[in-house]
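Have a look at the structure below, then the notes.
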Amino acid sequence: MLIDEEKLRAYYSQAPEDISLTDVDLARIPRHVSIIMDGNGRWAQARGLDRSEGHVAGVDSLREAVTTSVRLGVDVFSVYAFSTENWRRPQHEVDLLMHLFATTLLNELPLFHQENVKLRFFGDLVALPEETRDVFQEGLDETADHTGMTFALAVNYGSRAEITKAAREIAELVVSGDLTPEDVDEGVFADHLYTAGLPDPELLIRTSGEQRLSNYLLWQLAYTEFFVTDTYWPDFTRWDYLRAIRDFQGRHRRFGGVVSK
Ligand code: FPP
């Protein structure tokens, strides 16, 4: 994605001591950055607040991360917002999150228009409350013609469910005679995942210090570099994002071979 360097420099002025824009190579920004946003609850508890306050604060971090992704010229920015396991949370927290997803998406539509951001969802949306589903559909319709960065939200997403869904769809195509078992290769399989047509993440960031994948993009993360920060999601800023990219660019990706890139 093209970078507007003037806007980027203005966005990244007032640098803290340990990091500045000059620490990253703008020609090697990862194409797809994905974030497991974690630590909203602990952020709130540490302040004597209700967990829900952490989710509300997390919305501000998400807005900033979307803007940062656009400014840095990332092609695809994806976040894990709600997993298939998150339904086990207390009902009032689930209700709050579903409402927050809907209101946030509506509130941010002007930003998506202004920045030419195209929306996408990973996950089984059929199980979501009608309000949330309707707003998601509106977001998809409103941004369908946008040609800038793709912003993907994983909602009611689980990687094992996604892989099982792909296997079932492919099995049905084989049964109907539209595919032969020999046709089924990695490309065909990838076409039946929620991420069809998108590049795999090059960088996965997880906040709040947890070192787990939590059933997120198991297929797509095969060669992805991980960056774990102790920062809770509501405290995650454009500078933390830059630190992750600096770290990423300092590594040598070999994809199982021996030649460093
Ligand atoms: C993890 O914190 C975060 C989530 C469950 C995702 C929710 C994310 C947001 C509300 C940010 C805004 C997102 C959208 C799409 C509007 P946690 O509750 O697991 O924290 P904990 O591990 O400290 O309990």
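Each value in this text was obtained by applying a stated rule to the coordinates, not by laboratory testing. On a predicted model such as this, the values are computed, not experimentally measured, just so you know. Here the Cβ positions follow ideal geometry from the backbone for every residue, glycine too, while neighbour counts run over all protein chains shown.
For the chain, the dipole from Cβ point charges (+1 on Lys and Arg, -1 on Asp and Glu) about the Cα centre works out to 840 debye, to the nearest 20.
Assign one of three labels to region 79-194, namely rounded, prolate or oblate, based on the Cα gyration tensor with a ≥ b ≥ c the square roots of its eigenvalues; rounded applies when a/c is under 1.5, prolate when it is not and a/b is larger than b/c, and oblate otherwise. Judged from the Cα gyration tensor, region 79-194 comes out oblate (a/c at least 1.5, b/c at or above a/b).
Treating the beta-carbon of each Lys and Arg as +1 and of each Asp and Glu as -1, no other charges, what is the dipole magnitude of region 117-261 about its Cα centre, to the nearest 20 debye? The partial results should precede the final answer.
Working: 15 positive and 25 negative charges, 193 e Å.
Its charge dipole is roughly 920 debye.
Rounded to the nearest 500, the helix-only mean residue ellipticity at 222 nm of the chain stands at -13500 deg cm²/dmol, with each DSSP H run of n ≥ 4 adding -39,500 (n - 2.57).
Stretching the chain fully between Arg42 and Leu140 yields a gain of 32.1 nm (0.36 nm per residue, less the alpha carbon separation). Using R0 = 22 Å, the C-beta based FRET efficiency linking Arg254 and Phe189 works out to 0.40. The slack in the chain from Leu109 to Asn215, taken as 0.36 nm per residue of separation less the alpha-carbon distance, amounts to 35.3 nm. Projecting the Cα atoms of Gln14, Gln91, His55 onto the charge dipole of the chain (Cβ charges, centred on the Cα centre) puts Gln14 farthest toward the positive pole. Looking only at His32, His55, His92, which one moves most when the chain is put into a Gaussian network model with springs between Cα atoms under 10 Å? Residue with maximal mean-square fluctuation among His32, His55, His92: His92.
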